[in-house]
Amino acid sequence: MIIRRIEVENFLSYYGKNIFEFDVGPTLVIGQNNTGKSKLFDAFNWVLFDRSFKTEGEKWECTKDWGKDIVNNLAKKECKIGETVETAVSILFNNEDNKYYLTREFQLIKNNEKNWEIPRNSELSLTITESVTGNSNNYYDKEAEEQIKTLFPENLSKYFLFQGESISQIMSLNSRSAFTKALTDLSRIEVFENAKKYTEKVAKALKKEFEDKEDSDKAFQARKRDLSKTIQDLKKDLSDQNDLFDNTCNERDIAKIVFDKNSEELKKYEECALILKDIEYFDNQWKQKNELRQSVVDAQKKEIFDRWMYAGTEGILKNFLDFYKKNKIDKKIPEPIRQEFLKEMLEEKKCKVCFTPAPIGSDEYKNIQSHINDKSLDKEIELINQLSLVADNMQDKVENISSELQKYYARIDEIDTSIKGFMNKKRLKEEELKTVKPSDVSDDELKTKDFAHLQRGYEESKNDLDKFKLLIDRITGKREYIKQQLEDKQKEYDSLIEDSSNVVERDKYILAEKINKSVGQFHTVFLTKLINDIEKEANTYFHKMTEKNVALSGKVKVDYENQEVYTIDETDIRLQNINQANKVSLQIAFVAAILSVSNKFWNTYFPFIADAPISALGGNNKLTAVETMIEIFNQSIIILKDDAVTDDPDALRNDMIRNLIQMDNNIRNSFELKMEGETLDEQHTKIIKLK
Amino acid sequence: MIEPTVFINVDTFHYENTYKRLCQSETGKLKKEITFPTMWELFVWGAILGYLNKCPKEIEKRYHNPPFRWQWVKDPHQKLLIIMAIEANNSFDILKNPEELKKNIEIHSNGGLDLIHKEMALDPLAYHNTESLIYEIQKRLNLNMT
Amino acid sequence: MAVKNSEVMRQIEEMLHDLKKQDKQQYNIILSLLNEVFLEYNTGKSKNVEKKLYEMIDAEVRYRTQKN
């Protein structure tokens, strides 16, 4: 099957009629963000399966749910009132000897600037032209859908219409997964189920025939009946256990979906939670340091008003003290004479300073007496002496102020450095948070996100999952036990009936049982072989990719029992912590393998249409992955983000991918998409043919 | 000796513009944020500036309700003010005249407050908290060094 | 176009290869059964497969018994 062309008219970001031509081999479509790349991918999905991915709701929606939003804004703007605007996507493809032209159309009628009428849902039409005869047949709506289903099986659609961002869904192997659905189609399980149904019925009928026909030996007949009943009961038990096993597996699958979702959610926010914790820590530290700073400042208050405010007065104090000393030396400051001492001298009638007698009435006595009331002089002298002590004391203290201030400033600087440090660290963490935070979550939402609740949710879902796993193990054990018992009883029965007189009935029953057993195992064997084939193919592709890159290694393991796909080493041990390049290569290999095996069953080569298949890879790995995809698929249409204008070292550089386009002769077609238009209403995709 | 109970005169202008701004909780600040815990401390600070810069200034209009008495000025600040007055006059004689002594201290404080007021006019953040007081002290020391 | 039964049948024949050697009787019946079931599935019409299976087994056993 080769897709030749897609025509996109007034669909999402595409205004007017836009045509992309394709050929066998690869086509690369590149463009910056929001240039219409994913919308081209949507166009394929819409025309084939009436679905487009709505970014806001993060889900696929049909035309009915999209409504008028599926029509290009500029086309709607230009549409006159009362008139119709039409959206259409058509693909032209070849398959075997036929040419197919499939179109999906949708209309809107403009009632007024804000009101649109949708006359009907989207319509599908298909024209099949036989290349040899030139005869055409037309199909519409349901019939066209039926035809398309046989050409593009919906269960395989997630593989040939590959969206890189939903890779985790495609890699999941649970019972609801795309993989299981694809396998269901490929392994023709319904046919085998039907065959099993018939063989069971016939075996049952023939067994009844054999048992109902009385054997000539009564004891034998009785024994036969008993054993048969025991076997019946065991089969019933086994059937019950099987049902229980299936139900429990279903519940486990549901639990796994919840667990995966919680896991993803937690992981998304865990990193944010750690960063927020750091931010909180740095913020607290910053606050504490600020408080410390303030307390250091406040603690100086006493010093300020006791001493520091006298800073600079050294000169004044020195002058005073010098003045005092000079006056003392010049005896302008007499020694204070204590009143009590004077009284003593008067009592003793003797001068105790020069030891001259001073009898009452003498000049010496009168001299002593003259000082007795000179309290003011005493007080003044006392004050002056006190002042000198105070000045002396303060002089010492004032001299130290400079060094004390230095110590204070050193301490403040230290704290300021610390404050600045925490502020910087907090700012860096805030920057980091911006890059890690999910784009659809605001800062406030993140801050109020209940991480504990997320963690609890994760733990609970993990416990549930473990509980089911344990239960499944138990049921499996019990089943094995019953199977063993059944086997033993069956052996006993088979041995017994060898002596039956009803030979024909017995032989018919035995043959029917054998056939029933073989057919019963058939599907399992067939499915196992299918999975092995897929694994083998996946390894071929994986090996191709790892050959070119020493950072990639291992083999692919499709573990259907445990519902996982992973890589293993040479000793079959699962590789842990594989790098991103390895992961994406594994994904591509797996998808390619499924398509490759499907090709055989469907006897066609499905085209591989991929939207952002390698967004998680960096630089050189991207190029290798693109080159491998080009090689693997018969036809591939690969839609890539063009990192032309970024400085991001991990981006696929402009020159790398454009070089590839120009130099690789296998790439016959290439397009670049750009967005034109000033306002949101006018914006539309412009296509530039690069090759 | 200055009578302990005697009131210390301040200029009305400075009472309204400097004392109230830097000392009182009526400014709306929390108690711990007020730069000068008491008015007499501002008085002393002003006096120190007045004596250091040798810029006494007569009180133009005495505030009718003097805010504090001499005895509220705690030691050793009382003595240090007297020391500075003696040094400025280069004589102990001022001690004999308590009125003159008190006046000397008051006019020097008034002159110092003028300097404070001018500085606040140039820089609204000057004297607005403890840290800015420390900064003033550092400035004084830097000037002394040069 | 649907999943090519030819490919599926080819794989089934590959799987039944051992059985063909061990128990040709069973092999023939199973192969016929599957052909019938595929036909019934593709055409959507009942082919009375159960009855045919019953008859195939019956015929085979009676033939064997007679032979002996």
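The values are calculated or read from the model by the stated rules, or taken from the named source; none is laboratory data. Predicted, not measured: the structure shown is a model, and the values here were computed from it. No Cβ is skipped: glycine too gets one built from the backbone with ideal geometry, and neighbour counts run over all protein chains shown. Note: accessible area is taken over every heavy atom of the protein model, side chains too, but ligands, DNA and RNA are not part of it. Shrake-Rupley method; radii C 1.70, N 1.55, O 1.52, S 1.80 Å.
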Which residue out of A:Ser370, A:Ser418, A:Ser362, A:Ser388 is touching a residue at least 24 places away in the same chain (Cβ under 8 Å), over 30 Å from A:Glu264 (Cβ atoms) and more than 13 Å from chain B (Cβ to nearest Cβ)?
A:Ser418
So which residues in region A:124-168 are open to solvent by 70 Å² or more (accessible area, probe 1.4 Å) and touching a helix residue (DSSP H, G or I) at 6+ places or on another chain (Cβ under 7 Å)?
A:Glu154
Tell me yes or no: at least one residue of region A:74-94 is in contact (Cβ under 8 Å) with a residue 60 or more places away in the chain, within 14 Å of another protein chain (Cβ to nearest Cβ) and of a type outside the set (A, V, I, L, M).
yes
Within region B:114-146, residues part of a helix (DSSP H, G or I), closer than 22 Å to A:Glu314 by Cα and of a type in the set (Val, Ile, Thr) come out as B:Ile116, B:Ile134, B:Ile137
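Would region A:54-61 turn up any residue that is closer than 26 Å to A:Gln147 by Cβ, among the polar types (S, T, N, Q) and either in contact with a Ser or Thr (Cβ under 6 Å, 6 or more places away or on another chain) or in the same structural domain as A:Asp681 (by TED's automatic domain parsing) (or both)?
Step one: of region A:54-61, the residues closer than 26 Å to A:Gln147 by Cβ are A:60-61.
Next cut, among the polar types (S, T, N, Q) only: none.
Within region A:54-61, none of the residues are closer than 26 Å to A:Gln147 by Cβ, among the polar types (S, T, N, Q) and either in contact with a Ser or Thr (Cβ under 6 Å, 6 or more places away or on another chain) or in the same structural domain as A:Asp681 (by TED's automatic domain parsing) (or both).
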Search result, residues across region A:125-149 that are more than 18 Å from A:Asn45 (Cβ to Cβ) and of a type in the set (S, T, N, Q)
A:Thr127, A:Thr129, A:Ser131, A:Thr133, A:Asn135, A:Ser136, A:Asn137, A:Asn138
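A quick yes/no check of all residues on (1) at pLDDT below 90; (2) open to solvent by 50 Å² or more (accessible area, probe 1.4 Å):
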position	(1), (2)
A:Leu405	no, no
A:Tyr409	no, yes
A:Gly421	no, no
A:Asn424	no, yes
A:Val441	yes, no
A:Asn463	no, yes
A:Asp466	no, yes
A:Ile475	no, no
A:Asp499	yes, yes
Within 13 Å of another protein chain (Cβ to nearest Cβ) and within 14 Å of A:Lys204 (Cα to Cα): is that true of A:Leu511 in this structure?
yes
Strands (runs of 3 or more DSSP E) lying entirely in region A:1-75 (those with 2 or more residues that are touching a strand residue (DSSP E or B) at 6+ places or on another chain (Cβ under 8 Å) and surrounded by fewer than 17 Cβ atoms within 10 Å (Cβ to Cβ))
A:2-9, A:17-21, A:59-61
Given the condition without any contact (Cβ under 8 Å) to a residue 24 or more places away in the chain, closer than 19 Å to A:Met394 by Cβ and surrounded by 16 or more Cβ atoms within 10 Å (Cβ to Cβ), answer yes or no: does some residue in region B:62-76 qualify?
yes
Determine which single condition B:Lys20 fails, assuming it passes every other condition in (1) open to solvent by 60 Å² or more (accessible area, probe 1.4 Å); (2) more than 15 Å from the chain's Cα centre (by Cα).
(2)
Could you tell me which numbered condition A:Ser295 fails, if it satisfies all but one of (1) within 30 Å of A:Asn424 (Cβ to Cβ); (2) in contact (Cβ under 8 Å) with a residue 40 or more places away in the chain; (3) within 14 Å of chain B (Cβ to nearest Cβ)?
(2)
For region B:1-21: of the residues being modelled with pLDDT under 90 and aliphatic (A, V, I, L, M), which is farthest from A:Ile381 (Cα to Cα)?
B:Ile2
Please note which helices (runs of 4 or more DSSP H) are completely contained in region A:118-210 and include at least 1 residues that are at pLDDT 80 or above and in the same structural domain as A:Leu40 (by TED's automatic domain parsing).
A:141-151
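Could you please let me know if A:Thr546 is away from chain C (no Cβ under 14 Å) and buried (at least 16 other Cβ atoms within 10 Å of the Cβ)? First the steps, then the outcome.
Values: away from chain C (no Cβ under 14 Å): yes; buried (at least 16 other Cβ atoms within 10 Å of the Cβ): yes.
So A:Thr546 passes the test.
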Answer yes or no as to whether B:Ala121 is among the aliphatic types (A, V, I, L, M) and more than 14 Å from chain A (Cβ to nearest Cβ).
yes
Residue set A:Lys301, A:Lys326, A:Lys350; condition within 14 Å of another protein chain (Cβ to nearest Cβ) and over 30 Å from A:Tyr409 (Cα atoms); output residue A:Lys326
Out of all the residues in region A:515-532, is one or more closer than 27 Å to C:Tyr63 by Cα, assigned by TED's automatic domain parsing to the domain that holds A:Ala182 and charged (D, E, K, R)?
yes
